[in-house]
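Student: Sharing a structure with you now.
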Amino acid sequence: MMNVLRRFSDKRSLIRAMALATAGSGILCLTSSDSDISLSVSPSTFWDSPKWAWRTMLENILSCSYTLPNHSKSGISPLFFSRADAFPEPDVSKVAATNVEDSPKHSCNCLGRDTIANASAKIGPAVVHISAPHGFHGLTTGRGIGSGTIIDEDGTILTCAHLVAHSYDLRSSSKGKVEVTLQDGRSYKGTVVNVDLHSDIAIVKIKSKTPLPAAKLGSSSKLRPGDWVVALGCPFTLQNTVTAGIVSCIDRKSSDLGMGGMHREYLQTDCAINKGNSGGPLVNVDGELVGVNIMKVMGADGLNFSVPIDSILKIMEHFERNGRVVRPWLGLKMIDLNEMIITLIKEKNASFPDVSGGIFIPMISPGSPADHAGLRPGDIVVEFGGKAVGSIREMTEIMGDGIGKPFKVVVKRPNNVTETLTVIPVEANPDM
């Protein structure tokens, strides 16, 4: 191709050809008078669909065809655009006034130019900044800052417990009171109505004479690793901050993070989260609330965790029914079995039962309901409450909030011994 360009008899012809190719606005057919070399530049089908302001790079090309003397060599060389579209830049003031619903929608399920902005715009007005007093023994030692999300027009706000729970320790008229600031600058006195330390979820209530902007709730069960998500909040009191990333894991267990206590599962993302983001929303590309951001791994980038909205909805049902979250406790540690774990255990213990799955019990608390029921370390739970189980999640869903209710448990023991036991859960300590 370079040999062809060097043999142009008139440099101005070359300049015109390249300028026309870059602009992409015409067809050029040029023939050298002394060497039978032809060069043509033509636009692709980019102009055939003017409704699309965003095209893939493969569609945004010009084709440059050339032929050497005696047709000894010919080819097509693509010339790429440097812009994403070939339309004039829109007026900034008009863009700012455009509603989310008026933005162009794509027929494919791809991440478009406005996807993140549209998702943020949908939930942004419902994101609030929360300032809560922190202290002990009746003394206020400072204030904690964080975020929250309004989930109904009456002023119910979802946030994290570690932000607002300290206010319960204050023995004063400000007990349970926090300051809430909306995106538009309006401020309210909020009341902490429910706190669950185990899940790190809390409910704050504000009163307004006019309807408040509310977020639309999504479903965390529909998320997949690799899905795009958006985190909003007020890091370091910088309100209206938006960051984006992907879902890294949809069921990160608390035990994976070295956390004790009862079993919990989180959404893991790589969205940028900082101090002040706690309690803020995690949003899918449709602008729906799918989680509440609660923590990050210090000293590491892209390791952030959120409570799934599906779990939060169950917590809120407990709040409405009991005023607190009622959790059954058995007093045992559990591990989901998979093929790799089974193979490793069998290599060390030939008497390990022949199972393809189930829940392995490595440890039991003395004096616990599981201990009284006759469960032993090394047992494998294969049935619970009359149903086959293969994961801790399935077992906890069957158990529900069945405090004092007997459940039949079928376990496998070494040398393929099968035992059927009865366990009666008790209410867990809420501070565990």
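The values are calculated or read from the model by the stated rules, or taken from the named source; none is laboratory data. Note that the structure is a prediction, hence the values are computed from the model and not measured. Ideal geometry is used to build each Cβ from the backbone, glycine not excepted, and the neighbour counts take in all protein chains shown. Just the protein is used for accessible areas: all its heavy atoms, side chains included, with ligands, DNA and RNA removed. Shrake-Rupley method; radii C 1.70, N 1.55, O 1.52, S 1.80 Å.
Student: Could you check region 393-431 and list, in sequence order, the residues that are in contact (Cβ under 8 Å) with a residue 60 or more places away in the chain, more than 12 Å from residue 375 (Cβ to Cβ), in contact with a strand residue (DSSP E or B) (Cβ under 8 Å, 6 or more places away or on another chain) and among the hydrophobic types (A, V, I, L, M, F, W, C)?
Tutor: Listed by number, the residues that qualify are 395, 399, 403, 426, 428.
Student: Further, regarding this structure: Quickly run through region 362-378 and pick out the residues that are touching a residue at least 40 places away in the same chain (Cβ under 8 Å) and open to solvent by less than 10 Å² (accessible area, probe 1.4 Å).
Tutor: Matches in region 362-378: 370 only.
Student: Right, another one. Is there a residue in region 180-202 that is acidic (Asp, Glu), open to solvent by less than 40 Å² (accessible area, probe 1.4 Å), at pLDDT 90 or above and in a loop (DSSP other than H, G, I, E, B)?
Tutor: yes
Student: Over 16 Å from residue 290 (Cβ atoms), assigned to a strand (DSSP E or B), of a type outside the set (Phe, Trp, Tyr) and at pLDDT 85 or above: is that true of residue 229 in this structure?
Tutor: For residue 229, the condition - over 16 Å from residue 290 (Cβ atoms), assigned to a strand (DSSP E or B), of a type outside the set (Phe, Trp, Tyr) and at pLDDT 85 or above - is not met.
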